[in-house]
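Coordinate-derived values only; no laboratory data. On a predicted model such as this, the values are computed, not experimentally measured, just so you know. Heads up, the Cβs are rebuilt from the backbone with ideal geometry, glycines too, and the neighbour counts pull from every protein chain shown.
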Amino acid sequence: MSAIDRLIDALHGHGVRASGRGSWRARCPSCGVRNNGTLHITEQADSAVLVCCFKSECSAEEIVAAVGLELSDLFPPRDSHGPRGKRRRLLTDREALDMLDHEAHVLVLVASDIQRGADVTVEDCARLITATARISYLRQEARS
Ligand SMILES: [Zn+2]
């Protein structure tokens, strides 16, 4: 099952609906507000899924936990044939550090925009959430 199908399934009962090509809206399962459009869901080209709460700025981790998923469920499965039990790591140490370095740069760029008083766009918000999700994912990878 793809990451997006897993999330859409899990959001059943939270008013999830398509809002465009590769994007969906739903009620945020974490902050539970009534508005059906607070949670923005986007499937990226690499099949990873972005979630962004525009009401309470819930973290991606809080959002997926509220529907019984983990952050790793937002990323495409790459090792569906492996043995059960200890999961094979998906990244080498070098790849993980390169990704961490890249995401750290994204955070610094947005932080410097904020510091300069520049507007933070919806895209910036979504990118920050992606960066946070990727760093959390790297932490999970390092522990596996
Ligand atoms: Zn929320």
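Neighbours of N35 by Cβ distance under 10 Å: Lys/Arg scored +1, Asp/Glu scored -1, total +4. A Cβ-based charge dipole, computed about the Cα centre of the chain with Lys and Arg at +1 and Asp and Glu at -1, lands at about 480 debye.
For R127, neighbours were defined as the other residues whose beta-carbon sits under 12 Å from its Cβ, and their charges (Lys and Arg +1, Asp and Glu -1) total -3.
The translational diffusion coefficient of segment 1-58, from Stokes-Einstein at 37 °C and 0.692 mPa s with a Kirkwood hydrodynamic radius over alpha carbon pairs, comes to 292 µm²/s.
Normalised by residue count, the chain yields a Cα convex hull volume of 119 Å³ per residue. Near M1: Cβ cut-off under 12 Å, other residues only, Lys/Arg at +1 and Asp/Glu at -1. The net charge is -2. Think of it as helices only: each DSSP H run of n ≥ 4 in the chain is worth -39500 (n - 2.57), and spread over all residues that comes to -13500 deg cm²/dmol at 222 nm.
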